């Protein structure tokens, strides 16, 4: 399997001969087998397939949430397969913005505080964090909802907060898990338009 990529070793994400096997009791399940994948910087890639085809496993490998049984995953020159769990945690905080189907916002925190959370793992000071958070919320069109709690926001607005949280630390790439799956058609369309805008802006800056 190959998606995107130039094949010249300059791809942002390189998956080489990756296999992933899970063992439960006496049963062994091979989810991925000898997978090769290149994704260039600025690519917008969707993984589609039936349940059990390995989409979630692949997402977890790309995001450093899991490691392959065999093969290598290299992102921006970093070999994830060779990192310890602690090192992977640091790497994820710096390089990956996660966007989930169910938003995963903390109900007792305002939009500002939810978006600020990833920055607490960085050396940024309070004033710098404030600037980053306000910029991220402005990008997703929620400057006027900065002190609102999740319960005070619509589903589409909550997902915009989740996107702001994902981009606030300026990650290397975004990893999305059905980001429109819990939204009505209008809100889903707005979120996809926003994602397109982010991709085009990233390409322009690159």
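Once you have the Kirkwood Rh of the range 59-159 from its Cα pairs, apply Stokes-Einstein at 25 °C and 0.890 mPa s and quote D in µm²/s.
For these conditions, the coefficient is 160 µm²/s.
Once you reduce the range 137-175 and the range 63-135 to the center of their Cα atoms, the two points are 15 Å from each other.
Based solely on its DSSP helices, what 222 nm [θ] is calculated for the chain when runs of n ≥ 4 H residues each add -39,500 (n - 2.57) and the sum is averaged over all residues, nearest 500 deg cm²/dmol?
-11000 deg cm²/dmol
Listed peptides 92-105, 151-164 appear in the order 151-164, 92-105 once ranked by packing, highest mean of other Cβ atoms within 10 Å at the front.
Expressed in whole Å with the largest first, what are the equivalent ellipsoid semi-axes of the chain derived from the C-alpha gyration tensor as the square root of 5 times each eigenvalue? Please list the in-between numbers first.
On the way: eigenvalues 184, 71, 63 Å².
Semi-axes from the Cα gyration tensor: 30, 19, 18 Å.
Oblate is the label for the range 94-206. Its Cα gyration tensor axes, ordered a ≥ b ≥ c, give a/c of at least 1.5 and b/c at or above a/b. Against the main long axis of the alpha-carbon atoms of the chain, helix 185-205 sits at an angle near 80°.
Per-peptide packing, taken as the mean over residues of other Cβ atoms within 10 Å, places 81-88, 111-118 in the sequence 111-118, 81-88 from highest down. Quick one: helix 85-95 against the long Cα principal axis of the chain, what's the angle to the nearest 10°, folded into 0 to 90? Helix 85-95 sits roughly 50 degrees off the main axis of the chain. Relative to the longest principal axis of the C-alpha atoms of the chain, give the angle of the C-alpha long axis of helix 126-139, reported between 0 and 90° and rounded to the nearest 10°. Once rounded, the angle reads 90 degrees.
Laboratory data are not the source of any read-out in this text; all were calculated from the coordinates shown. This one's a predicted model, so the numbers in the text were calculated from it and none came from an experiment. All Cβ positions, glycine included, derive from the backbone under ideal geometry; neighbour counts span all protein chains shown.
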